[in-house]
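Remarks on the structure that follows.
The values are calculated or read from the model by the stated rules, or taken from the named source; none is laboratory data. The structure presented is a predicted model; accordingly, all values stated were derived computationally and were not measured. Glycine gets a Cβ as well: all are built from the backbone with ideal geometry, and neighbour counts include every protein chain shown.
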Amino acid sequence: MDQPSDTTRRHFLSLAGSAAVLGAVPIVTLRPAEATPAMLASAIRNVVGEAPIRTGKVKLDVPPLVENGNTVPMTVSVTSPMTPEDHVKSIHVFNEKNPQPNIGNFYLGPHAGRAQVSTRIRLADSQKVVAIARLSDDTFWLASVDVVVTLAACTEEVI
Amino acid sequence: MASALINVPKTAKRGDIIEVKTLMSHIMEPGYRHTASGKMVPRDIITSFTCRFDGTEIFRTDLFPAIAANPFITFFTRATGSGKFEFEWIGDNGFSETASASISVE
């Protein structure tokens with residue numbers, strides 16, 4: 001009687017082992033590729049071209065520690081008099097590790113009075129968020145913030 | 001179904017800088033998620049938001065999947081005269097919604 005039960009246990013263990021392997025493989029292969037810092041750099045180059053990017057003038061407000069990456073409040077403000085001669089033309093926001101490097105492009109002008117926009121964004125991982133402002137003299141100014149995300153967005157399973 | 005929330009001051013003094021807050025209800029499905037059976041959920045997002053004041057564009061946004069569900073966008077504008085703000089959201093699968101708000105400026 002010992003012999004059959006032993007075989008059954010061994011059989012069960014090997015089945016369980018292969019099931020675990022089979023189960024693990026799709027989870028790994030189904031995850032879409034993340035954007036890489038190189039994609040971030042090329043997305044920024046698409047907007048900026050060959051122009052130099054300077055640090056300053058832009059203020060990017062994102063909480064440094066985020067519990068839920070599905071909705072992260074973000075405010076970008078730029079120091080500018082917002083006159084017809086000297087104003088912010090556009091604000092571009094990028095990320096490092098979401099599936100896509102772009103977050104949003106905001107186009108404003110001297111009539112805005114104040115160069116500030118707010119929205120809520122998604123972050124798929126702990127990463128760097130970059131905001132770039134284009135001024136009326138076609139200079140580019142940058143600010144970046146490192147954000148730690150506890151619960152990631154974008155790539156989770158749909159229930 | 002789809003609905004917009006707009007917050008614009010009803011009155012303002014000429015030259016004041018006013019804040020415009022907008023929210024459009026939309027799932028903003030990013031197109032990178034899978035069901036439990038491994039099927040890809042197709043992208044369904046708003047791709048563009050525009051605000052016009054008396055027909056002139058004053059603010060525009062390109063949206064990407066990294067914008068959270070129910071896009072909430074706020075911006076500023078200078079009150080130059082009484083008139084009407086018109087808002088327009090355009091997205092995937094023929095999504096198109098408009099809303100408007102009036103302001104009287106002294």
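Considering every residue within the range B:8-15, establish whether at least one is of a type in the set (Val, Ile, Thr), under 17 Å from A:Val117 (Cα atoms) and away from chain A (no Cβ under 11 Å). Break it down into steps so the answer makes sense when it comes.
Of all residues in the range B:8-15, those of a type in the set (Val, Ile, Thr) come to B:8, B:11.
Subsequent filtering for residues that are under 17 Å from A:Val117 (Cα atoms) retains B:8.
Keeping just the survivors that are away from chain A (no Cβ under 11 Å) gives B:8.
Yes, because at least one residue in the range B:8-15 is of a type in the set (Val, Ile, Thr), under 17 Å from A:Val117 (Cα atoms) and away from chain A (no Cβ under 11 Å).
(1) within 9 Å of chain A (Cβ to nearest Cβ); (2) crowded, with 16+ Cβ neighbours inside 10 Å; (3) within 19 Å of A:Pro73 (Cα to Cα); (4) within 13 Å of the chain's Cα centre (by Cα): which one isn't true of B:Lys21, the others all being true?
The number of the failed condition is (2).
When you scan the range A:144-159, do you find a residue that is more than 15 Å from the chain's Cα centre (by Cα), modelled with pLDDT of 95 or more and not acidic (Asp, Glu), even just one? Before the answer, list the steps.
As a first pass, look at the range A:144-159 and keep what is more than 15 Å from the chain's Cα centre (by Cα): A:157-159.
Filter once more, so that each one left must be modelled with pLDDT of 95 or more: none.
Looking for residues that are more than 15 Å from the chain's Cα centre (by Cα), modelled with pLDDT of 95 or more and not acidic (Asp, Glu), one finds none in the range A:144-159, hence no.
Looking at (1) touching a strand residue (DSSP E or B) at 6+ places or on another chain (Cβ under 7 Å); (2) among the acidic types (Asp, Glu); (3) surrounded by fewer than 20 Cβ atoms within 10 Å (Cβ to Cβ); (4) at pLDDT below 95, find the lone condition where A:Glu96 falls short.
Of everything listed in (1) touching a strand residue (DSSP E or B) at 6+ places or on another chain (Cβ under 7 Å); (2) among the acidic types (Asp, Glu); (3) surrounded by fewer than 20 Cβ atoms within 10 Å (Cβ to Cβ); (4) at pLDDT below 95, A:Glu96 misses just condition (3).
Taking the range B:24-74 as the search range and keeping residues that are surrounded by fewer than 16 Cβ atoms within 10 Å (Cβ to Cβ) and among the acidic types (Asp, Glu), which one is farthest from the other protein chains (Cβ to nearest Cβ)?
B:Asp54
On the given criteria, is A:Asp138 among the charged types (D, E, K, R), touching a residue at least 24 places away in the same chain (Cβ under 8 Å) and either buried (at least 19 other Cβ atoms within 10 Å of the Cβ) or more than 14 Å from chain B (Cβ to nearest Cβ) (or both)?
Details: among the charged types (D, E, K, R): yes; touching a residue at least 24 places away in the same chain (Cβ under 8 Å): yes; either buried (at least 19 other Cβ atoms within 10 Å of the Cβ) or more than 14 Å from chain B (Cβ to nearest Cβ) (or both): yes.
Yes: the conditions hold for A:Asp138.
Output the number of the condition that A:Thr119 fails; it satisfies all remaining conditions of (1) surrounded by 19 or more Cβ atoms within 10 Å (Cβ to Cβ); (2) more than 9 Å from chain B (Cβ to nearest Cβ); (3) under 16 Å from the mean Cα position of the chain (by Cα); (4) hydroxyl-bearing (Ser, Thr, Tyr).
(2)
Would you tally the residues in the range A:95-115 being in a strand (DSSP E or B) and touching a Lys or Arg at 6+ places or on another chain (Cβ under 9 Å)?
Restricting attention to the range A:95-115, the residues satisfying the condition of being in a strand (DSSP E or B) are A:95, A:102-107.
Next, only the ones that are touching a Lys or Arg at 6+ places or on another chain (Cβ under 9 Å) stay: A:95, A:103, A:105-107.
Residues meeting the conditions: 5.
Mind telling me which of the residues A:Asp125, A:Asp86 ends up being assigned to a loop (DSSP other than H, G, I, E, B), at pLDDT 95 or above and surrounded by fewer than 21 Cβ atoms within 10 Å (Cβ to Cβ)? If you could, list the steps in order and put the result at the bottom.
On the way: A:Asp125 fails: at pLDDT 95 or above.
One residue alone meets the criteria, A:Asp86.
Evaluate the range A:24-46: report whether one residue or more is at pLDDT below 90 and touching a helix residue (DSSP H, G or I) at 6+ places or on another chain (Cβ under 9 Å).
yes
Check whether at least one residue in the range B:81-90 is closer than 27 Å to A:Ala124 by Cα and at the interface with chain A (Cβ under 9 Å from one of its Cβ atoms), and report yes or no. So that I can check it myself, show each step before the final result.
Taking the range B:81-90 and keeping what is closer than 27 Å to A:Ala124 by Cα, we get B:89-90.
Those still in the list that are at the interface with chain A (Cβ under 9 Å from one of its Cβ atoms) too: none.
Within the range B:81-90, not a single residue is closer than 27 Å to A:Ala124 by Cα and at the interface with chain A (Cβ under 9 Å from one of its Cβ atoms).
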